[in-house]
Amino acid sequence: SVYLMILLLCLTLMCPLATGIFMEKLTSKNLCTDDGCVYTNSLAKAEEDYNASDCRFINIRKGQLIYVYSKLMNEKDSGEIWASSIRVYGEQYEDHMGTVGYFPSSLVSEQHVYQETNKTVP
């Protein structure tokens with residue numbers, strides 16, 4: 001019975017870790033250049049700093065160059081949130097190189113469009 005009590009105690013302690021935190025789905029559709037949303041569609045430059053609202057988003061700093069892979073669609077407006085990978089040129093941002101996540105599109109300006117985002121991907 002001691003082993004059973006220890007097992008139950010361990011399971012009880014692990015349960016909160018296994019459940020995680022529920023986060024609302026950002027969207028059900030993406031605008032991409034390809035079916036897998038793996039090819040870069042544009043290069044953007046951060047016009048202001050942004051601190052991420054949760055773990056799905058990325059922190060960006062003014063002046064960073066960001067490769068955009070997809071633009072999330074919602075029912076009202078398309079492309080408000082973009083998925084990206086940050087590649088920064090300059091020593092002061094080295095710890096952010098290769099970071100992948102989302103950010104509001106209103107904080108950046110597109111510098112170059114490589115391919116149009118014309119595929120809707122679930």
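Close Cβ contacts (under 6 Å, 6 or more residues apart or on different chains) running from residues in the range 108-120 that are surrounded by 13 or more Cβ atoms within 10 Å (Cβ to Cβ) to residues that are basic (Lys, Arg) comprise THR117/LYS71. Within the range 51-91, being modelled with pLDDT of 75 or more, of a type in the set (Gly, Ala, Ser) and crowded, with 20+ Cβ neighbours inside 10 Å holds for one residue alone: SER70. Within the range 1-35, restricting attention to residues that are over 15 Å from the mean Cα position of the chain (by Cα) and at pLDDT 80 or above, the residue that is most open to solvent (accessible area, probe 1.4 Å) is ASP35.
The values are calculated or read from the model by the stated rules, or taken from the named source; none is laboratory data. Keep in mind that what you see is a predicted model, and the values were worked out from it rather than measured. Counting neighbours? That spans all protein chains shown, and the Cβs are built from the backbone with ideal geometry, glycine included. In case anyone asks, the SASA skips ligands and DNA or RNA and just uses the protein heavy atoms, side chains included. Shrake-Rupley method; radii C 1.70, N 1.55, O 1.52, S 1.80 Å.
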